[in-house]
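Scroll down for the structure; my scribbles are underneath it.
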């Protein structure tokens with residue numbers, strides 16, 4: 001069917017929403033041509049819609065200057081949806097349960113353009129704790145949650161994605177080269193969880209598991225962290241099965 005005929009079947013007021021849906025579900029930056037092909041809309045219409053969505057902050061250009069990903073308004077919309085009262089209550093119940101079982105602080109983080117953002121958090125009852133409140137943003141390359149997210153991307157995309165970002169040494173253990181980061185991400189993919197062994201903060205260890213959507217993409221992470229005075233990394237890794245169980249429940253919650 002010609003593009004003009006196909007486009008006539010899509011109501012005008014629905015086209016921008018379908019464009020945003022395509023960008024969101026792609027999982028990687030997409031070009032206007034790719035979205036136009038998927039929707040069957042002519043080039044002038046697609047470029048007009050992309051211009052509007054970019055101007056309003058719903059999408060933004062990727063580092064290559066040609067493709068687009070979710071912008072700040074789309075990401076806020078996603079977070080607000082996940083934070084709706086019904087979903088958040090169920091999510092916090094799961095988080096509370098796993099935090100009590102492990103006895104340490106557990107949190108859920110979502111990827112943003114420049115790092116992982118804490119969406120929910122249940123604190124340990126111990127007086128000695130790591131203070132990272134909800135809304136905090138942490139780097140990709142030296143945190144368990146960040147490396148879990150990066151491991152879900154292809155090595156070639158990680159190279160492009162991280163090439164414009166400085167791998168800052170937060171501690172003497174931080175990964176500061178792309179080669180070392182790629183090697184760590186390969187280990188993460190193989191074992192199914194990620195770690196932080198005093199890489200983001202001296203005296204803190206962490207383990208993270210992926211929370212997946214219906215396409216098995218990492219949309220957020222579940223992690224536990226603790227001061228090494230109580231738990232070394234090897235201690236936290238003993239809780240991987242419990243974290244996996246909770247992460248699977250959180251994934252199912254997204255689809256309910």
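Coordinate-derived values only; no laboratory data. On a predicted model such as this, the values are computed, not experimentally measured, just so you know. Note that each Cβ is placed from the backbone with ideal geometry, even for glycine, and that neighbours are counted across all protein chains shown.
So if R0 is 25 Å, what FRET efficiency would residue 76 and residue 216 give, r being the distance between their Cβ atoms, rounded to the nearest 0.05?
After rounding to 0.05, the efficiency reads 0.50.
If I stretch the segment between residue 47 and residue 134 completely, what's the gain in nm (0.36 nm per residue apart, minus their alpha carbon distance), one decimal?
27.6 nm
Taking the chain as the reference, fit the longest principal axis to its C-alpha atoms, fit the long axis of helix 240-255 to the helix C-alpha atoms, and give the angle between the two in degrees, 0 to 90, nearest 10.
Once rounded, the angle reads 30 degrees.
Would you kindly state how much longer the chain becomes between residue 14 and residue 66 on full extension, computed as 0.36 nm times their sequence separation minus their alpha carbon distance, in nm to one decimal?
16.3 nm
Which order results if 164, 194, 97 are arranged by neighbouring Cβ count within 10 Å, fewest first?
Least crowded to most crowded, the residues run 164, 97, 194.
How high is the relative contact order of the chain, in percent, counting Cα pairs under 8 Å that sit 6 or more residues apart? Walk me through the intermediate numbers first.
Working: 404 pairs, mean separation 36.8, N = 256.
Averaging sequence separation for qualifying contacts and normalising by length gives 14 percent for the chain.
Let me make sure I get this right: for the range 3-75, a, b and c are the square roots of the gyration tensor eigenvalues over alpha carbons, sorted descending. Under 1.5 in a/c it's rounded, otherwise prolate if a/b > b/c, else oblate. Which is it?
Prolate, since a/c reaches 1.5 and a/b exceeds b/c.
Figure the gain on full extension for residue 252 and residue 230 (residue separation times 0.36 nm, minus the Cα-Cα span) and round it to one decimal in nm.
In short, 4.7 nm is gained.
Determine, from the Cβ-Cβ distance of residue 169 and residue 33 and an R0 of 35 Å, the FRET efficiency 1/(1 + (r/R0)^6), rounded to the nearest 0.05. Show your work: numbers first, answer last.
Numbers: r = 40 Å, r/R0 = 1.14.
With a Förster radius of 35 Å, E is 0.30.
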